[in-house]
Amino acid sequence: MTDLLSFGKNILGSQPFSVLLGTELEAFEPGKAVLTLAVRDELKQQHGFVHGGVVSYLADNALTYAGGSVLGDSVTSEYKINYLRPALGERLTARATVLSSGKRQAVCQCEVIALNNGEERLVAVAQGTISKVDTKS
């Protein structure tokens, strides 16, 4: 395991909501991040699909990890998500990459994939702006 991946896993472990959901950091390197989440009944809505808020959370966190990989300590300043189809299956994977970055901000994109019976399906795409945290404030 790389030092950056270990560092990222420690950060994820300090996020109570991520721990509650059971999120795992699979990859964390300059310019990209991959987060996964096992689907369970508590994360579904009334039609049996993974709740949109869960899909959105996973995209948001993956975007922030990708941006943070080039900026350091950072937070999401804005993002947009498009749900393409219902999220069905046993696992969600969010793959985020940095499109452009400067000293204080990075624009990132993310694809959320559902694994269902061995088949991957794109269920959502997101784009966001990630901002470096100003520790002097």
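The values are calculated or read from the model by the stated rules, or taken from the named source; none is laboratory data. Small disclaimer: the values here were computed from a predicted structure and weren't measured. With ideal geometry, Cβ positions are generated from the backbone for all residues, glycine too; neighbour counts draw on all protein chains shown.
C108 passes every criterion in (1) of a type outside the set (S, T, Y); (2) under 12 Å from the mean Cα position of the chain (by Cα); (3) over 14 Å from K32 (Cβ atoms) apart from (3). List pairs: first residue in segment 80-102 and closer than 15 Å to G22 by Cβ, second residue among the aliphatic types (A, V, I, L, M) and at pLDDT below 95 anywhere in the structure, Cβ distance under 9 angstrom, at least six positions apart or on different chains. Taking only residues 6 or more apart or on different chains, not a single pair turns up. So, in segment 112-137, of the ones that are of a type in the set (S, T, N, Q) and assigned to a strand (DSSP E or B), which residue ends up nearest to R85 (Cα to Cα)? Within segment 112-137, the match that is nearest to R85 (Cα to Cα) is N116.
D73 is checked against (1) more than 22 Å from F49 (Cα to Cα); (2) of a type in the set (D, E); (3) within 15 Å of the chain's Cα centre (by Cα) and fails just one. What number does that condition carry? D73 satisfies every listed condition except (3).
Every condition in (1) outside any helix (DSSP H, G or I); (2) aliphatic (A, V, I, L, M); (3) surrounded by fewer than 21 Cβ atoms within 10 Å (Cβ to Cβ) is met by L5 except one, and the failing one is (1).
Tallying residues that are among the hydroxyl-bearing types (S, T, Y) and either crowded, with 23+ Cβ neighbours inside 10 Å or outside any strand (DSSP E or B) (or both) within segment 63-111 yields 3. Every condition in (1) farther than 24 Å from V107 by Cβ; (2) buried (at least 16 other Cβ atoms within 10 Å of the Cβ); (3) touching a residue at least 40 places away in the same chain (Cβ under 8 Å) holds for F49 except the one numbered (3).
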